[in-house]
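Some notes on the structure that comes next.
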Amino acid sequence: MFLFNTAAEWHAALNDLPPTLFAASVAFDLLGSILKRDSLKATGFWTLIGGVLGSVLAVASGLIAEDRIAHSEAVHQIMERHETWAISVSIAFALLAVWRIWRRGTLPRAERPTYLVLASLGALAILYTAHLGGTMV
């Protein structure tokens, strides 16, 4: 009846959203800053929001799947590291989203470099998180 029957299938379907959208958000924000295009900055904002929402779904499905999949102790250690990084990076991007919302989507010129550095580090961290997830598979 459903497209996906298990939490693991849901997680597999959702887990590409956060890294893709967070990386795209950083790319759009960087391009928007370089080219001085508000439309690119707005796209960066909305892909950030989509990434945060996607990360909530990916983390939730991963937490549910964790207890329902048989796995070895070695895989469990990677899974725990993956979980810690996923939750941490999701919180970090949620805080970046709150910052952007507080600033009504547009950061003042003085704050933009700090934001871009933090978001770029977050994008690298989510790619590492995705690598850990792929290692388990």
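With all pairs of different C-alpha atoms in the average, the Kirkwood value for the hydrodynamic radius of segment 28-133 is 14.9 Å. For the options V56, V75, V89, a Gaussian network treatment of the chain with springs between C-alpha atoms closer than 10 Å singles out V75 as fluctuating the most.
So what's segment 56-98 giving for Cα Rg divided by 2.2 N^0.38 Å, two decimals?
So the Cα radius of gyration is 1.29 times the expected 2.2 N^0.38 Å.
Both radii were evaluated on the Cα set of segment 1-84; the Rg over Rh quotient, with Rh as the Kirkwood radius, amounts to 1.15. The helix-based estimate of mean residue ellipticity at 222 nm for the chain, built from -39,500 (n - 2.57) per DSSP H run of four or more residues and divided by its residue count, is -28500 deg cm²/dmol to the nearest 500. Legend: calculated FRET efficiency, H131 to A110, from the Cβ-Cβ distance at R0 = 35 Å, rounded to 0.05, equals 0.55.
Taking every C-alpha pair closer than 8 Å and separated by at least 6 residues, the mean separation divided by the residue count of the chain gives a relative contact order of 32 percent.
Would you please name the GluC sites (Glu not before Pro) within segment 5-102 that are DSSP coil residues with at most 15 other C-beta atoms within 10 Å of their C-beta? The qualifying sites: there are none.
Here the chain has 69 percent of its accessible surface on carbon and sulfur atoms, given a 1.4 Å probe and all protein chains in place. Assuming R0 = 22 Å, what is the FRET efficiency of R103 and L124, from their Cβ-Cβ distance, to the nearest 0.05? Here the calculated transfer efficiency is 0.40.
Send over a whole-number figure in Å² for the accessible area per residue of segment 29-137, probe 1.4 Å.
Values: 6460 Å² over 109 residues.
Here the per-residue accessible area is 59 Å².
The values are calculated or read from the model by the stated rules, or taken from the named source; none is laboratory data. Please read these numbers as outputs of a predicted model, since none were measured by experiment. We place every Cβ from the backbone using ideal geometry, glycine too, and count neighbours over all the protein chains shown. In case anyone asks, the SASA skips ligands and DNA or RNA and just uses the protein heavy atoms, side chains included. Shrake-Rupley method; radii C 1.70, N 1.55, O 1.52, S 1.80 Å.
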